[in-house]
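So the structure is just underneath, and the comments pick up after that.
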Amino acid sequence: MEIPAKVSVFNRTLEIKGKAATLVAISPEGYFEVVLEFQQRNHTVLFPVAETVLIFNEALPQIAADFEVER
């Protein structure tokens, strides 16, 4: 995962559902630092990791394996 990264933010406390943002940092104190647009201006917002879901906008690349696993 590379930072900064484009993400969608979900947070019940602020009633944010899929708001586009840029992840800037993950603090050791347990916060996501993101930049998001609010009232037509960019703001830095700290979201607690325990109450926030981030979905990275870029999907993981498909990796083809050279082998098969028997089950």
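For E37 and S8, calculate 0.36 nm times their separation in residues minus their Cα-Cα distance, and state this gained length in nm to one decimal.
Full extension of this stretch gives 9.2 nm more.
Expressed as a fraction of 2.2 N^0.38 Å, the rule-of-thumb size for a compact globular protein of N residues, what is the C-alpha radius of gyration of the chain?
Against the compact-globule rule of thumb, the ratio is 1.42.
Give the percent of DSSP beta bridges with both residues in segment 5-56 that are antiparallel, rounded to the nearest 5. Before the final figure, lay out each step's value.
Numbers: 25 of 25 bridges.
Of all bridge pairs located within segment 5-56, approximately 100 percent are antiparallel.
At most 12 other Cβ atoms within 10 Å and a DSSP loop assignment: could you name the chymotrypsin sites (Phe, Trp or Tyr not before Pro) in the chain that fit?
F67
Readers should treat all values here as calculations from the given coordinates under stated rules, not as data from a laboratory. Quick caveat, the model's predicted, so the values are computed rather than measured. Cβ coordinates were reconstructed from backbone atoms using ideal geometry, including for glycine residues, and neighbour counts include every protein chain displayed.
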